[in-house]
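Only one structure is covered here, and it is reproduced in the block below.
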Amino acid sequence: MSGRWCARFLSPGVLASWLPAFFPKKAYSISMKRVPFLLSIALILVLAAPLVSSAENIPDEWLTIAEKNGFEITASHSQTLEFLERIAAQSKLIQVTTFGNSGLGRQLPLVIVSSDGLFTPEAAHAAGKPVILIQSCIHPGEVDGKTASLMILRDLVLGKNTELLDAGVILFAPIYNADGHEDISPTNRANQHGPVGGMGFRTTATGLDLNRDHLKLDSVEARSLASLVNDWQPHLHVDNHVTNGSHHHWILTWSRAEAPQLAPSLDRWLDTHLPPVFARLEQAGIPNGPYVSLIDGTNPAKGIDSSVAGPRYSTGYFTLRNRISLLVEMYAYAPFEARVRANQALLEELLREIASEPKTLIKAVNEARTRTIDLGQPDAKPSDIVLRWKTTTGDDTVAFPVCRWTAQDSTVTGKPMIRFSCAPNDPVLDVPWRHQPEAELTIKRPRGYILMPGWEEARRRLVDHGLTLKEFTAPMTLEVETIRLAHAKTASGPYQGRVGIEDFETSRRTERREIPEGALWIPADQPDFEIAVQLLEPEAPDSLVRWGLLNSVFERKEYIGLDTLETLARDMLSDPEIRKSWEQALKDEDFAGNGGARYIWWYQKTAFWDESIGLMPVYRVMNPVDLPTSTAGR
């Protein structure tokens, strides 16, 4: 790192606002000290030099668009592709390909980096190399990760930091949301400090937020990423973002899944290998801490909640697939260049850490995936599976370098709010930190699921996530657990392009059902089985039911004429049990005055009622069974 860049990145003003930072005290067992504000610039330069680089001594033709323009603009999609093609032409370490196309047909670039010429998934895994996927621009206004990735690639081509190659095969997906990336405007992110020339828009061309689409796969981009994961089977994934406006003195924040949501082997790997990365960043003058979401938006002293990511988000999705995912959130109020340099430093230090013991990452992932397979074996002991998680209140604390704040009433909302003012002498508060997951809703793990024929929205998603499906080659009668839904309440408006089901009642029972030829069997003894669980169990937060993808289950299509039903009802009243039930029902005044509810009550008592109303086309198989199946195609 050059002295000139250090002087800019670590100027007295920047140092004053960033250096008074602490590590989370109880997240990891590390000795943490505040970096003194009055530490000399000379010492900071020495500490930071090993971690970050500058544009000095780099030929002009190898400067990124951002570097050439003083970090006032970011490279366009076409400029990024051109830069990547030049890099690939310069070095045998790099190949550039695509992993799909956007909704408007733009390429989704994928850069494969390998010192051993391992440019296919088969070659990488056969050689026993970790595969690391670094993804940027899922929200294209948040361009720090893309720019940092281009700089890392450039440095590798120029022979710098070649020790990073020992981490394994590195995949860079610098522009995930290509259409949003090209919808550039300086007004796209009001809370973000640069690039002043503008940045992309948050959603795809069809208005979808890709960081809500990991599980439901509505977008062509999300399906392309799932296919990339299926093919390459990455051991570790990094998702680069920029915060939406929390006020503190960390330039970099992060989030990760933890046990018991995360498999024990992956949790241990992270506990061992992330703290040294964060420590080296801190020592280099890059203060960092856990992702900030205030528990009380009007009082930061009440603590922060890092939350538990659901399956729609990257960290929740990769956790279901027994892979590590690290969410990186740069500080929106820091200058663009400083954010990029810090993002670059994090990625480089993470790769160095992986390179120090690459086999441990492979071992951790293999153990996690084998564990899920073993739990789903036909002869495995019964176990539970979690549908929903929440963060515990716990007693962990974190040293939070929050900016000073004052309370006031908002002119906009008319409600209380706080205003922040960042200064060198801002306090570092020891505040509660909620981050540990706790099961909120648990069910018994099935031996597998049966999906009835014809439900293409469900089948396609299961296949696109890479799950193993087998097709019934003959009909059979089988004892299964059925799920019935009732009293669906739709959401008040659209979200992510769908009007979902906000609430419903669920009942389950064991019964014998006829399974037709062509039904699909999704066995539990596969490593990504929890993807199926989250899609098919209606109570799961991102289930097909909740997203409104199985709405016809709730609908009644047939009817019975009132005159016909009246005759049947009068006849049925001669049955003492039915009469007693009817009289009891009439004691409810709301029911008694609701003609529609009364009609349904009687209709359900007849032989003409459609018993499939509310019946999920998904059956749970709870006991080992031999099934007449063959592997299903796409």
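Can you tell me the 0 to 90 degree angle between the C-alpha axis of helix 358-375 and the longest principal axis of the chain, rounded to 10? Helix 358-375 sits roughly 10 degrees off the main axis of the chain. Each semi-axis of the equivalent ellipsoid for the stretch 562-603 is √(5λ) with λ an eigenvalue of the Cα gyration tensor; in descending order they amount to 17, 14, 6 Å. Site pair T490 and N551 shows an inter-label distance of 0.4 nm when each label is modelled 7 Å from Cα along Cα→Cβ.
Net charge dipole, the stretch 548-634: roughly 280 debye, given to the nearest 20, about the Cα centre with Cβ charges of +1 for Lys and Arg and -1 for Asp and Glu. Note on S76 and E511: with the Förster distance fixed at 45 Å, the Cβ-Cβ geometry gives a FRET efficiency of about 0.15.
Straight Cα distances below 22 angstrom link K146 to the lysines K68, K92, K160, with same-chain residues fewer than 8 positions distant left out. One entry in (1) 49, 33, 25; (2) 50, 29, 23; (3) 74, 34, 20 is semi-axes √(5λ) of the Cα gyration tensor in Å calculated from the shown coordinates; its label is (2).
Each principal axis of the Cα atoms in the stretch 45-171 has its own extent, and those three values, largest first, are 43, 42, 25 angstrom.
The mean sequence distance of close C-alpha pairs (under 8 Å, at least 6 residues apart), as a share of the length of the chain, puts its relative contact order at 14 percent. Phi angles across the stretch 261-272 convert, under the Karplus curve 6.51 cos²θ - 1.76 cosθ + 1.60 with θ = phi - 60°, into 3J(HN,Hα) values of 4, 8, 4, x, 5, 6, 4, 5, 4, 5, 4, 7 Hz, Gly and Pro given as x. Each residue, T298 and R570, gets one label point 7 Å from its Cα in the Cβ direction; the gap between the two is 6.3 nm. About its Cα centre, the dipole of the chain is roughly 980 debye, where the only charges are +1 on Lys and Arg Cβ and -1 on Asp and Glu Cβ.
Using alpha carbons only, how many angstrom separate the centre of the stretch 357-420 from the centre of the stretch 51-112? Taking the Cα centre of the stretch 51-112 as reference, the centre of the stretch 357-420 is 33 Å away. Seen from all directions on average, the stretch 494-634 presents a Cα convex hull projection of 12.8 nm². Taken over the stretch 447-499, the percentage of Cα pairs per 5 Å bin, counting from 0 up to the bin with the maximum distance, is 4, 11, 17, 20, 20, 14, 8, 5, 1.
Using bins of 5 Å that start at zero, the share of Cα-Cα pairs per bin across the stretch 289-391 amounts to 2, 9, 12, 15, 18, 16, 11, 8, 5, 2, 1, 0, in whole %.
Bear in mind these aren't lab numbers, they're just calculated from the coordinates by the rules spelled out. In this text the structure is predicted, and so the values were computed from the model without any measurement. Counting neighbours? That spans all protein chains shown, and the Cβs are built from the backbone with ideal geometry, glycine included.
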